[in-house]
Amino acid sequence: MSITLPLDKMTTAEKLCVMEELWADLTQNENEFESPAWHLTVPQEREAIQIREETPIDWETAKKQIRKQTS
């Protein structure tokens, strides 16, 4: 099945409306497809970043560390 939309003639608002219609339809049948495995890793990585404790340093020390990394 091939559907062709006149994207070059559509306004941004019309394109967004089509996207919203598609999304609404897809989410009605969410059990028909499975999320890829990497979708699970992103929230886990973000949580790990939030949990990680970092010690703040002063600006001069930070600049020196950055300069060492880039040289």
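Within region 17-71, the set of residues being among the aliphatic types (A, V, I, L, M) and either within 28 Å of the chain's Cα centre (by Cα) or under 30 Å from Thr4 (Cβ atoms) (or both) comprises Val18, Met19, Leu22, Ala24, Leu26, Ala37, Leu40, Val42, Ala48, Ile49, Ile51, Ile66. Would you please name the residue that is farthest from the chain's Cα centre (by Cα), looking only at residues in region 1-16 that are assigned to a helix (DSSP H, G or I) and loosely packed, with under 10 Cβ neighbours inside 10 Å? Per the stated criteria, the residue is Lys9. For region 21-57, a tally of residues being loosely packed, with under 10 Cβ neighbours inside 10 Å and in a loop (DSSP other than H, G, I, E, B) returns 11.
We did not get these values from a lab; they are worked out from the coordinates using the rules stated. Just so it is clear, the structure is predicted and the values come from calculations on it, not from any experiment. We place every Cβ from the backbone using ideal geometry, glycine too, and count neighbours over all the protein chains shown.
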